[in-house]
Amino acid sequence: MKKLLIITAFICLLCPASTFAETAESKSSPPTIQKIAPESYYYNYNIQEIQKDPDGDGPMEAETFYRYNYVTIQGKPSKLKVLNAIAEAESSTATVAIEGVATDRTTAQDKLAQISAMTYAQIDTHVDSTFSALSTAQKSSLKKLYKAVLALIKNMDFE
């Protein structure tokens, strides 16, 4: 544990401008402010007591663990530094979520582009060949869905 704290402290000293929100778990309740190096601290928050079986092998007595988030504070901790570090960490988390949505949107646009390049006759052929294991009724429903999507793409100029 001491090596981990020292390594983390060096990383934070080399990159003092970045704040990372991390999640940790321990068997003992963490202090709210924890000194990890000279002029470097962890601010531990959202501390939750949880019960779990540490071995995961069945009906043993559950142990108490503590799950929490923490951010690194450079210099003497103050309310402003703590609030800024948490806000920056939450912003980083939101950025990752937004990037995930952007990736999903790009994937969806690629799929829509594939459909928009088809004609109604090509949709019929595509569904018949790609989904040959489906019943006739299922293929018919799928063709209608593809054609509805194609009509929406064309009506909304998403091509």
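The values are calculated or read from the model by the stated rules, or taken from the named source; none is laboratory data. Quantities reported herein were computed from a predicted structural model and do not represent experimental measurements. Note that each Cβ is placed from the backbone with ideal geometry, even for glycine, and that neighbours are counted across all protein chains shown.
Quick look at the numbers
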read-out	value
Test: residue in the range 65-84 that is assigned to a strand (DSSP E or B), of a type in the set (D, E, K, R) and touching a Pro at 6+ places or on another chain (Cβ under 6 Å)	no
Scope the range 47-71; condition surrounded by 11 or more Cβ atoms within 10 Å (Cβ to Cβ), more than 17 Å from N84 (Cβ to Cβ) and either modelled with pLDDT of 90 or more or under 27 Å from the mean Cα position of the chain (by Cα) (or both); matching residues	I47, I50, K52, D53, P54, T64, F65, Y66, R67, Y68
Qualifying residues in the range 133-159 (those that are part of a helix (DSSP H, G or I), exposed (fewer than 11 other Cβ atoms within 10 Å of the Cβ) and among the polar types (S, T, N, Q)) - the one modelled with the lowest pLDDT	N155
